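S.K.: One structure coming up, written as structure tokens, with questions to follow.
Every read-out reported here was derived from the displayed coordinates using simple, explicitly stated rules and does not represent laboratory data. As the structure is a prediction and not an experimental result, all values here were calculated from the model. Note that we place each Cβ from the backbone using ideal geometry, even for glycine, and neighbour counts take in every protein chain shown.
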Amino acid sequence: VKIFTGSSNPTLAQNICTYLGIPLGEVRINRFKSGEIYVHYEEGVRNCHVFLIQTMGAPVHENLMELLIMADAAHRASAKSVTAVVPYYPYARQEKKDAPREPITAKMVADIFKTVGVDRVVTVDLHAPAIQGFFNIPVDHLTALDYITEYLKEKDIKNPVVVSPDAGRAKMAEKLATYLDAPFAIMLKKRPSHNSAKITHIIGDVQGYTPIIIEDIIDTGGTIVSVVEGLMEKGANPAYICATHPLFSANALERLNHPGIHEVVVTDSIPFTPNSDKYKTIPIAPL
Ligand code: R5P
């Protein structure tokens, strides 16, 4: 087994190697002046099971292209197998057509993985679990929910209610509510545009409760802030926000500095620098 990392999250890759007691493999990744990427494995990979660790936070296309080129190089160097370990899978929010003349980009990326010689994919908390079916190779779909639950149990939050911000997250939220022995509420929303949300319904009792909102991704924070404001209007306490993937694009950190948010619990699937002690980052290397 040999493990290599792209540029997206070397700390996570090192943590995985330390956890496994395997040294991180040596690979050289350079850029031509034009921006094109060059990859060279500095050690042999012939007949090895090669694991490439690359998450897909910003800059997403740089990270994606690096991974594809690393997979191609490993495959052409006669690796026995190439596993793409992609904690945050890109384009997962475009997994179906919501309107005519749109792409299904999550499927397109899956096809490209296969083309460049990826034999297996390991990923965490996909936006839509059905994306597994876009691949004709094995996909290990892991979840950080157990780690998030463990952390929340230790906090012993008084009067909690687990809130699903939409129908898509309902299963995960219902599991969390069961693990925490807490009631459950669900919100329905409309999206006037990408990265913004308008809450239309809240089903379940939230008045006087402390919401624990469970999400897969926080991108700009627009959705979470709408959800929190909807809950505040109904008399809920400041909320705990839990999300596996902290994309934190644009001014997300400023947005999340909201009086309706008590704490933000994320994983280190994507690196970020917190701007306050409101943030708890759960390590996923053992996963
Ligand atoms: C979409 O349904 C996802 O689960 C997230 O709610 C969304 O992608 C978050 O994006 P943003 O933080 O920009 O609102």
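S.K.: Please figure out what share of the DSSP beta bridges in segment 145-282 is antiparallel and state it in percent, rounded to the nearest 5.
M.R.: Beta bridges within segment 145-282, antiparallel portion: roughly 20 percent.
S.K.: Label segment 145-282 by shape, choosing from rounded, prolate and oblate, from the square roots a ≥ b ≥ c of the eigenvalues of the Cα gyration tensor; if a/c is under 1.5 it is rounded, and otherwise prolate applies when a/b is larger than b/c, oblate when it is not. All intermediate terms of the calculation are to be shown ahead of the outcome.
M.R.: Values: a/c = 1.43, a/b = 1.07, b/c = 1.33.
Judged from the Cα gyration tensor, segment 145-282 comes out rounded (a/c under 1.5).
S.K.: Something else about it: Relative to the longest principal axis of the chain, what angle (0 to 90°, nearest 10) does the C-alpha long axis of helix 170-180 take?
M.R.: Roughly 70 degrees, rounded to the nearest 10.
S.K.: Now a separate question. Could you please state, rounded to a whole Å, how far the C-alpha centre of segment 83-113 is from the C-alpha centre of segment 177-213?
M.R.: 26 Å
S.K.: Something else now. Rounded to the nearest 500, what is the chain's calculated 222 nm mean residue ellipticity when only DSSP H runs of at least 4 contribute -39500 (n - 2.57) each, over all residues? Don't skip to the answer; put the middle values down first.
M.R.: Details: 7 runs with 78 residues, N = 287.
Mean residue ellipticity, 222 nm, calculated: -8500 deg cm²/dmol.
S.K.: To continue, here is another question. Pick from 211, 271, 259: which residue has the top mean-square fluctuation in a GNM of the chain where Cα pairs under 10 Å get a spring?
M.R.: Highest fluctuation of the listed residues: 259.
S.K.: For residue 52, what is the net charge nearby, where nearby means another residue's Cβ is under 13 Å from its Cβ and Lys, Arg count +1, Asp, Glu -1?
M.R.: With Lys, Arg at +1 and Asp, Glu at -1, the neighbours total -1.
S.K.: Which trypsin sites (Lys or Arg not before Pro) does segment 5-71 hold that lie in a coil by DSSP with at most 15 other beta carbons within 10 Å?
M.R.: Qualifying residues, ordered by number: 33, 46.
S.K.: Where Lys and Arg each count +1 and Asp and Glu each count -1, what net charge lies around residue 198 among other residues with Cβ under 14 Å from its Cβ? Mind showing how you got there, number by number?
M.R.: Details: positive: 189, 190, 191; negative: 166, 229, 233.
Here the charged neighbours net out to 0.
S.K.: When the chain is treated as a GNM, springs tying every alpha-carbon pair under 10 Å, which of 228, 124, 116 comes out with the largest mean-square fluctuation?
M.R.: 116
S.K.: Could I ask something else about it? Under 17 Å from a point 7 Å along the Cα-to-Cβ line of residue 141: which residues of segment 198-231 have their amide N that close?
M.R.: Under cut-off, by backbone N: 215-217.
S.K.: I've got another one for you. Pick from 155, 80, 175 the residue whose mean-square fluctuation is largest in a GNM of the chain, springs joining Cα atoms under 10 Å.
M.R.: 155
S.K.: Name the shape class, rounded, prolate or oblate, that the alpha-carbon gyration tensor gives for segment 78-200, where a ≥ b ≥ c are the square roots of its eigenvalues, rounded holds for a/c under 1.5, and otherwise prolate holds if a/b is larger than b/c and oblate otherwise.
M.R.: It comes out oblate by the Cα gyration axes.
S.K.: As I understand it, the value is the acute angle between the Cα axis of helix 145-155 and the longest principal axis of the Cα atoms of the chain; what does it come to in degrees, rounded to 10?
M.R.: Helix 145-155 and the main axis of the chain meet at about 40 degrees.
S.K.: If you don't mind, another one. What is the sum of charges around residue 80, taking Lys and Arg as +1, Asp and Glu as -1, for the other residues whose C-beta is under 14 Å from the C-beta of residue 80?
M.R.: +3
S.K.: If you take every DSSP beta bridge whose two residues both sit in the chain, what share of them, in percent to the nearest 5, is antiparallel? Each step should come with its number before you reach the end.
M.R.: Values: 10 of 49 bridges.
Among the beta bridges of the chain, antiparallel pairing accounts for roughly 20 percent.
S.K.: Here is a follow-up. With the contact rule set at Cα under 8 Å and sequence spacing of 6 or more, what percent relative contact order holds for the chain?
M.R.: Computed value for the chain: 13 percent relative contact order.
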